[in-house]
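Q: First the structure, then my questions, so here it is.
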Amino acid sequence: MKIAQDDVVERQTTLHIELDNEDVEPYIDRAYKRVVQRVNIPGFRKGKAPRSIVEQMFGRESLINDVLDTMLPELTSKAINDQELDAVGLPSIELEELDPLQFSATVPLQPEVDLGNYQGIRIKKEVANLDEGAVDQRIEQLRLSVASWEPAERSVEMGDMVSAQIEGQIDGKTTFDEKDAVYLVNEEIARPFPGFSEKLVGLSVDEPAEFDLDIPEDFPDPNIAGKTSTFKVTISDVKSRILPELDDEFAKSIGDGYEDLDDLKSQISESLQSEADIEITRTYRDSLIEALVETATLEIPPLLLKNESERMIQEQERMVGQANMVLDDYLQSIGKSREELEEESATEAETRLTRSFVLSKLAETEQIEVTDSDVEEKIKEMFANAEQEFPESSQSEEMKNYLRSNLRMERTMERLENIASATNEAQKEESDEKEGEADAS
C-alpha cells in the first residue's frame with residue numbers, strides 16, 4: 001500500500017492511497033465468499049463454485065464493489081496508523097480509481113489546545129436562596145395534582161374543566177373540529193390559539209356561542225399567523241376542581257410517608273433547596289466553562305464540525321420522525337427554514353466541540369485520572385439500594401467507559417471550581433497584605 005500525505009491545513013490532512021494486488025486480494029476473497037453463497041451457478045451446488053468461476057462470471061471490479069463499504073474504512077484506518085496520525089472523528093473517503101485501486105481520505109486531527117492563563121479565572125459562585133413562598137407554591141401544586149373534579153351548575157370559570165363541541169374556521173376553511181373535546185380552561189394553555197380559554201369564561205351549558213379570536217403575528221405557523229379564527233362552541237358539561245384541605249391528613253395522603261403538614265413542608269423545603277443548589281452549580285459551571293473557553297485557543301477541523309453538525313440534524317430528524325412528522329413540515333410549523341436549522345446546528349456543533357476539547361485538555365493538564373476501582377465504586381453506589389445483584393449491563397465495557405468518562409468530567413469540573421475558588425482566595429489574601437502594608441506606612 002502506497003501512501004502520500006498532504007500538508008496539515010486547519011488541523012486536517014488528506015491521505016492519497018494506492019493499493020497493490022496483494023493489498024486487494026484478501027478483500028476480493030472476502031467478496032467471493034459472500035457472493036458465492038447467494039447466487040446459483042449452473043453445474044455447482046450453492047456456495048461451492050470455485051472463485052475463478054465466480055470471478056469470471058461477475059468480474060473483478062464487481063467483487064471489489066461488493067466490499068468497498070468495509071474495505072475502504074479498514075484500509076483508511078490502517079493508513080492512519082501507518083502515518084501515526086492523531087485522528088479524531090470520521091474521515092471522509094473518496095474512491096478515485098478501481099484499477100489500480102486508488103482513493104483519498106481526508107482525516108480530521110486532534111486540535112492543539114492552548115489553555116492560556118486558566119489559573120487566573122475569577123468567578124464568584126452565588127448562594128442559592130429560595131424565593132419567598134416557594135414552599136407554598138409547591139404544596140399548592142401537590143394539592144392541584146390530587147384534586148377531584150365535581151359537576152358545577154353554573155357558567156364557565158377560569159380553572160374549570162369543560163366538555164364541548166368546538167369548531168374553528170379561518171378564511172372559511174375548518175381548521176379545528178372536535179365533537180367531544182375535554183378542555184382545561186387555563187390562561188397558560190394556548191390550544192388551539194392563545195386567548196382561547198379567556199373566550200370560554202362566562203359561557204353556559206347547552207347555549208351555543210360564537211366568537212372571533214385573533215391569532216398572534218408571531219404564531220409558529222406562518223400560514224395562519226396574524227389571521228382571525230371564528231369559533232362555534234357549545235358547552236355540554238362544566239366541572240370545577242375541588243382542592244383538599246391543607247392539613248395533616250392531606251400531608252399523610254401524599255404517599256411519601258410524611259408524618260404531618262410540618263414534616264411535608266420541611267421536606268419540600270429541603271428538596272427545593274437541593275434543586276436550587278443544583279441549578280446554581282449548573283449555572284456556575286457553565287460560566288466557568290465559558291471563561292475557560294475564552295482563555296483557550298484551538299482550531300477545530302472543518303470536517304469534524306461538518307460531521308457533528310450533520311449528526312445533530314439527523315438526531316433531530318429521528319426525534320421528529322418518532323412523532324410521525326417530517327422534519328421540513330415540523331420546521332415550517334415553527335417558522336424555521338432548513339437553512340436556519342443548518343446554521344444553528346453548525347454554531348451549536350462548534351460550541352459543543354470547543355467545550356469538549358478544552359475540558360479534555362484541562363483534565364490532561366491537571367492529570368485527572370479515574371481508576372477501575374473508582375468505576376466499580378460508582379457502580380456499587382448506583383445500585384446500593386437495589387434488592388437484586390448488579391445487572392449484567394452494568395459490567396459491560398461500554399457502561400464502564402461511559403461511567404469513566406462521566407467521573408473524569410465531574411472531577412475536572414470540581415478541579416476547575418477549586419482553581420477558581422483558590423484564585424479568589426489568593427486574591428483576597430493579596431488584597432489583605434496590601435491593606436496591611438498601607439496601614440503600616
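Q: Could you list all residues from region 79-116 that are on the phi > 0 side of the Ramachandran plot and touching a residue at least 40 places away in the same chain (Cβ under 8 Å)?
A: Matches in region 79-116: GLY89, GLY116.
Q: For region 188-203, which residues satisfy the criterion of being over 30 Å from the mean Cα position of the chain (by Cα) and surrounded by 12 or more Cβ atoms within 10 Å (Cβ to Cβ)? Please lay out each step first, then the result.
A: Initially, region 188-203 is screened for residues over 30 Å from the mean Cα position of the chain (by Cα), giving 195-203.
Of everything in region 188-203, those that are over 30 Å from the mean Cα position of the chain (by Cα) and surrounded by 12 or more Cβ atoms within 10 Å (Cβ to Cβ) turn out to be GLY195, PHE196, SER197, GLU198, LYS199, LEU200, VAL201, LEU203.
Q: Inside region 169-187, can you point out the residues that are within 36 Å of the chain's Cα centre (by Cα) and either assigned to a strand (DSSP E or B) or among the aliphatic types (A, V, I, L, M) (or both)?
A: Pass one, region 169-187, residues within 36 Å of the chain's Cα centre (by Cα): 175-178, 181-187.
Passing the criteria: THR175, PHE176, ASP177, GLU178, ALA181, VAL182, TYR183, LEU184, VAL185.
Q: Quick one: in region 286-300, which of the residues that are within 18 Å of LEU353 (Cβ to Cβ) and not aliphatic (A, V, I, L, M) is surrounded by the most Cβ atoms within 10 Å (Cβ to Cβ)?
A: Looking at residues that are within 18 Å of LEU353 (Cβ to Cβ) and not aliphatic (A, V, I, L, M), I get THR295.
Q: If a residue has to be open to solvent by less than 60 Å² (accessible area, probe 1.4 Å) and under 37 Å from the mean Cα position of the chain (by Cα) to count, how many in region 57-72 make the cut? Before the answer, list the steps.
A: Restricting attention to region 57-72, the residues satisfying the condition of being open to solvent by less than 60 Å² (accessible area, probe 1.4 Å) are 59, 62-64, 66-68, 70-72.
This time we only want the ones that are under 37 Å from the mean Cα position of the chain (by Cα), so: 66-68, 70-72.
Counting residues in region 57-72 that are open to solvent by less than 60 Å² (accessible area, probe 1.4 Å) and under 37 Å from the mean Cα position of the chain (by Cα) gives 6.
Q: Kindly indicate which of PHE211, PHE231, PHE219 is within 32 Å of the chain's Cα centre (by Cα), surrounded by 12 or more Cβ atoms within 10 Å (Cβ to Cβ) and among the aromatic types (Phe, Trp, Tyr).
A: PHE219
Q: Which one is farthest from GLU308 (Cα to Cα), of the residues in region 86-114 that are among the charged types (D, E, K, R) and in contact with a strand residue (DSSP E or B) (Cβ under 6 Å, 6 or more places away or on another chain)?
A: If we take residues in region 86-114 being among the charged types (D, E, K, R) and in contact with a strand residue (DSSP E or B) (Cβ under 6 Å, 6 or more places away or on another chain), then GLU96 is farthest from GLU308 (Cα to Cα).
Q: What about VAL54, is it open to solvent by less than 50 Å² (accessible area, probe 1.4 Å) and touching a residue at least 24 places away in the same chain (Cβ under 8 Å)? Steps first, please.
A: On the way: open to solvent by less than 50 Å² (accessible area, probe 1.4 Å): yes; touching a residue at least 24 places away in the same chain (Cβ under 8 Å): no.
So VAL54 does not fit the description; no.
Q: If I ask for residues that are open to solvent by less than 50 Å² (accessible area, probe 1.4 Å) and either out of contact with any Leu (no Cβ under 8 Å at 6 or more places or on another chain) or part of a loop (DSSP other than H, G, I, E, B) (or both), which ones from region 304-326 would you list?
A: If the condition is that a residue be open to solvent by less than 50 Å² (accessible area, probe 1.4 Å) and either out of contact with any Leu (no Cβ under 8 Å at 6 or more places or on another chain) or part of a loop (DSSP other than H, G, I, E, B) (or both), then SER309, MET312 are the ones that fit.
Q: Return the residue satisfying two criteria in turn: it lies in region 268-282 and is without any contact (Cβ under 8 Å) to a residue 24 or more places away in the chain and open to solvent by 60 Å² or more (accessible area, probe 1.4 Å), and of such residues it is farthest from LYS124 (Cα to Cα).
A: The qualifying residue farthest from LYS124 (Cα to Cα) is GLU270.
Q: Same structure, new question: Looking at region 327-345, which of the residues that are of a type outside the set (Asp, Glu) and in a helix (DSSP H, G or I) is farthest from PRO220 (Cα to Cα)?
A: First, pick out the residues of region 327-345 that are of a type outside the set (Asp, Glu): 327, 330-338, 341, 345.
Add one more test, that the residue is in a helix (DSSP H, G or I), and what stays is 327, 330-333, 338, 341, 345.
On the way: LEU327: 15, TYR330: 10, LEU331: 9, GLN332: 8, SER333: 6, ARG338: 15, LEU341: 15, SER345: 20 Å.
So the residue we want is SER345.
Q: I want to confirm something. Restricting to region 245-267 and keeping residues that are farther than 19 Å from ALA147 by Cα and assigned to a helix (DSSP H, G or I), which single residue is most open to solvent (accessible area, probe 1.4 Å)?
A: Result: ASP262.
Q: With a cut-off of at least 1 residues that are acidic (Asp, Glu), name the strands (runs of 3 or more DSSP E) lying wholly within region 1-120.
A: Values: elements: 2-5, 12-18, 92-98, 101-108.
Of the strands (runs of 3 or more DSSP E) lying wholly inside region 1-120, those with at least 1 residues that are acidic (Asp, Glu) span 12-18, 92-98.
Q: Something else now. Could you tell me which of the residues SER240, SER253 is under 30 Å from VAL162 (Cβ atoms) and touching a strand residue (DSSP E or B) at 6+ places or on another chain (Cβ under 9 Å)?
A: SER240
Q: OK, next. Quick check on region 397-410. Is at least one of its residues more than 19 Å from the chain's Cα centre (by Cα), part of a loop (DSSP other than H, G, I, E, B) and modelled with pLDDT under 95?
A: no
Q: If you go through region 327-343, how many residues are within 30 Å of ALA296 (Cβ to Cβ) and open to solvent by less than 90 Å² (accessible area, probe 1.4 Å)?
A: Result for region 327-343: 3.
Q: Just name the residue that is surrounded by the fewest Cβ atoms within 10 Å (Cβ to Cβ) out of those in region 128-162 that are at pLDDT below 95 and of a type in the set (Ser, Thr, Tyr).
A: Across region 128-162, the extreme among qualifying residues is SER145.
Q: Still on this model: Would you mind finding the one in VAL375, VAL358, VAL370 that is in a loop (DSSP other than H, G, I, E, B) and open to solvent by less than 60 Å² (accessible area, probe 1.4 Å)?
A: Answer to the selection: VAL370.
Q: I'm told TYR32 meets every condition in (1) within 25 Å of VAL8 (Cα to Cα); (2) in contact with a helix residue (DSSP H, G or I) (Cβ under 8 Å, 6 or more places away or on another chain); (3) buried (at least 19 other Cβ atoms within 10 Å of the Cβ) except one. Can you identify the failing condition by its number?
A: Single failed check for TYR32: (1).
The values are calculated or read from the model by the stated rules, or taken from the named source; none is laboratory data. Note that the coordinates shown come from a computational prediction; the quantities given were computed from them, not determined experimentally. Every residue, glycine among them, receives a Cβ derived from its backbone with ideal geometry; neighbour counts consider all protein chains shown. Protein only, heavy atoms only, side chains kept; ligands, DNA and RNA dropped before computing areas. Shrake-Rupley method; radii C 1.70, N 1.55, O 1.52, S 1.80 Å.
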